[in-house]
Amino acid sequence: MNASDTTTTATAVTDARPATAWPLESVLVSAALAARRTPWIDAPARALGLRPFTRQELTRQILAQVRRTASGRPTRLRTAFGTFLMPLDHDDATALIAAADEAGALGEVTALTDQGGRLRLAPHARLPVSVESLDGRVRHAADAEAAGLLAARRGDATLDRADWCAAARRLARRVVLGDAAAADTLVSDILDATARAADDAELAARQAALSRRIAPYIASLPVTETVVVHALETVTRALTDTAAQALALLACGPGTESTESPESTDSTGSTDSTGSAESCVATALRRYPPLPATVHRVRAPFVLDGMTVEAGTEILCATAWLRDLDGGDVFGDAGEDPAASLCAAPQTCAVARLAARAATEFVRALTRDTTPLLLEPRLDPDAPPAELPPGSLRLALANTGADTHVPDDSNVQQAPPAGRSAAHYAGLAAASARRLEEHGRRLAEFARQPGFNHDAFGERCRMTLLAHAERCARAAADARRAADWLAG
C-alpha cells in the first residue's frame, strides 16, 4: 500500500458518517414512537398473557434489531416525528452528548413527550452554592406545603391531582425563589408557556416575560437568571411527578400483601424513617426517568471515534427505551446518582440533586403522621410496571398520628433500658396496647369513608383495612394480657 492509499483510508475513517437504518426499521421505530400516545393498547395483551405484544416488549424487539444491524453504533433514523441520530446504548448516548458539549456543538435541548410533541428545556446551569446550604429552606418549605396539602384532602383522605400540582409548583417557587414567591402562580404559568413555545419568536417573547417576572425575586439571590430558570424547571418536575411516584412506591413497598394494604407500617402507624422517603425517590428516578426521551440539536460539526456528526443533526436519547433494551435501570446499573435522570446535561448537575432533595423532603413531610395508600392503579411490589404516569395515581393519606395520651418515654419502637422493674415493662406493654388499639380504631374509621363505596376495588380496599384493624385489635389484646401479667 502506498502513501496516498494510506491517506485516503485515514480520511475515509475520519469522515465516516453515521449508518442509516433500513427503511423498514425506521418505520417500526416511528410506529413505536406513535404507540406511546395510546397506553391502553397494552391492556388486551396483558389480559391475554401476551407480554411480547405490549408496547414495551415490541419497542425492545425493534431496537434490538436496529442494534444488531448497526453493530451497536449510533444510527440515523427517519421517522414520522423527525430524522434522528439515535445512540443504541447508555454509554454511547453519554459519550455522544459529552463529546458534543466538549466541542461546544450542543444547541437547543427538547423533551419528546408521549404525544410526540416537544417541550423546550432550559439550558443546564451550574448551581453556585452547595445543595446542603439550602437544606433549611427546603425542609421549612416542604413542611409548610405538606401541611397545606394535607388540609386540602377530600373526605376520604384522597389527594386531588390539581391540589398536588398546585402545592408542588408553590413548593418549587419557595425552594428556588424564596417564600416571597409562594403565591406568585404566574411565574410557574409563564415557565410552562415557555416550554411549549411554538417557534423562536414566541420563545423569545415568553423568555422576556419570565425574566421580568422573576427579576424582583433574584435581585438578592447569589445566582443568575439562567440558574434560576433551570432550577425552577427541574425542581418543579421532581415535585410534580417524581414525588408522586415515590409516594405510590412507598405505599406499596416491600412487605405489603397488596397495593391497597397499609401493612408496611409499624404498630404506631409510622410509614417514614430516615431512609424510606429518600429510597423511594431514588427508585422512582431510576425506574421512571423524568426525561424519558430528549432531543439534542447539534449546531456545529464534531467527531466522535472517527464518526462525524454534522451540524443540524438531532440526537435522540431515549433513556427509558435504552434502560428496557439493556434490561435494567440505567441510572442505577451505571452507578450514577439517580438524580442525574432529572437533567439532560452530560455532566453532574447540582440543581438535579437539589430537586431530588426537595422531592424527598416533601414525601417525608407528607408521611410523617400519615399512612400513604395507593388506591389506583393496582401495583405488584415485586413486579413494578414499566411506566407509572403521575396523572394516573389515586393516592390517599390516612391519619396515623401519635397517641397523645401515651407519655413520650413509652415509645415502644425504642428498646427499653435493661434492669428496670417489672412494673416499668408492664407500663410499656400497656402503652403498646393503647397504640395498637388507636391504630386499629383509625383504620376502621377510615374504612367507613364513602369513597370506598363506588366499585368492587374500593370494597376490597375497605376489607383490607378492616382486616388489618382486626389484627391490631388482637395484638392489642395480647399486649394488654402481657401487661397485666407483668403488673400482677
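The values are calculated or read from the model by the stated rules, or taken from the named source; none is laboratory data. Please read all numbers here as calculations on a predicted model, not as lab measurements. Cβ placement follows ideal geometry from the backbone for every residue including glycine, while neighbour counts extend to all protein chains displayed. For the accessible areas, the whole protein counts, side chains as well, though only heavy atoms, and no ligand, DNA or RNA atoms are used. Shrake-Rupley method; radii C 1.70, N 1.55, O 1.52, S 1.80 Å.
Would you check if there is a residue in the range 98-106 being assigned to a loop (DSSP other than H, G, I, E, B) and open to solvent by less than 30 Å² (accessible area, probe 1.4 Å)?
Keep residues of the range 98-106 that are assigned to a loop (DSSP other than H, G, I, E, B), which gives 103-105.
Filter again for open to solvent by less than 30 Å² (accessible area, probe 1.4 Å), leaving 105.
Yes, the range 98-106 has at least one match.
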Residue check, residue 154 over 28 Å from residue 338 (Cα atoms), charged (D, E, K, R) and in contact with an Asp or Glu (Cβ under 7 Å, 6 or more places away or on another chain): yes
Residues that are within 24 Å of residue 241 (Cβ to Cβ), among the acidic types (Asp, Glu) and either open to solvent by 70 Å² or more (accessible area, probe 1.4 Å) or at pLDDT 90 or above (or both), drawn from the range 269-305: 278
Of all residues making up the range 338-370, the number that are surrounded by 24 or more Cβ atoms within 10 Å (Cβ to Cβ) and polar (S, T, N, Q): 3
Checklist (1) open to solvent by 20 Å² or more (accessible area, probe 1.4 Å); (2) modelled with pLDDT of 95 or more applied to residue 257, failing item: (2)
Any hit, the range 158-169, residues being at pLDDT 95 or above and among the β-branched types (Val, Ile, Thr): no
Number of the condition not met by residue 148 [criteria: (1) within 30 Å of residue 300 (Cα to Cα); (2) open to solvent by less than 50 Å² (accessible area, probe 1.4 Å)]: (1)
Output for the range 451-468, where each listed residue is surrounded by fewer than 20 Cβ atoms within 10 Å (Cβ to Cβ), modelled with pLDDT of 80 or more and within 18 Å of residue 399 (Cβ to Cβ): 462, 466
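May I ask you to say which residue of 78, 73, 68, 120 is closer than 20 Å to residue 237 by Cα, at pLDDT 80 or above and surrounded by fewer than 18 Cβ atoms within 10 Å (Cβ to Cβ)?
Details: 78 fails: closer than 20 Å to residue 237 by Cα; 73 fails: closer than 20 Å to residue 237 by Cα; 68 fails: closer than 20 Å to residue 237 by Cα.
Selected residue: 120, the only one of 78, 73, 68, 120 that is closer than 20 Å to residue 237 by Cα, at pLDDT 80 or above and surrounded by fewer than 18 Cβ atoms within 10 Å (Cβ to Cβ).
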